[in-house]
Amino acid sequence: MAEMAENKNDAEAGEVDCENCNIVAQGSGQVNSGARMTPEKIAKTVSALNELQAQMNDMFPERETLIQQFVYALLTREHVLVFGTFGTAKSLMIGRFFV
């Protein structure tokens, strides 16, 4: 049986239980058995995210930090607040990344 996170901080971090490749659901302290990830699936997902990030960096130079925050938000299922002056391609960047 998969081991649960040893303390609440581990569960909140959304860590992967590598023994059975289960994802610890964020904040719940329980293993999400419906999301079994094999090492191959993890490698494929990481590769796809790296490719997406590289493509976005090519499309939007000098926005690497914001694009990295998009990746973090996607992985952690959190929100990103993007604000700035008019005409800086905020909506275009969000549309290209998340749609």
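Things to note:
- Cβ separations smaller than 7 Å between residues 6+ apart or across chains give the following pairs from region 34-51 residues that are assigned by TED's automatic domain parsing to the domain that holds residue 68 and surrounded by 12 or more Cβ atoms within 10 Å (Cβ to Cβ) to residues that are modelled with pLDDT under 95 and part of a helix (DSSP H, G or I): 49/71.
- Of all residues in region 71-89, those being more than 20 Å from residue 45 (Cα to Cα), surrounded by 13 or more Cβ atoms within 10 Å (Cβ to Cβ), out of contact with any Leu (no Cβ under 9 Å at 6 or more places or on another chain) and not polar (S, T, N, Q) number 1.
- Exclusive hit being assigned to a loop (DSSP other than H, G, I, E, B) and either aliphatic (A, V, I, L, M) or modelled with pLDDT of 95 or more (or both), set 11, 48, 2, 54: 2
- Of all residues in region 81-99, those satisfying the criterion of being at pLDDT 90 or above and of a type in the set (A, V, I, L, M) are 81, 82, 89, 92, 93, 94.
The values are calculated or read from the model by the stated rules, or taken from the named source; none is laboratory data. What you see is a predicted model, and the numbers here were worked out from it, not measured in a lab. Every residue, glycine among them, receives a Cβ derived from its backbone with ideal geometry; neighbour counts consider all protein chains shown.
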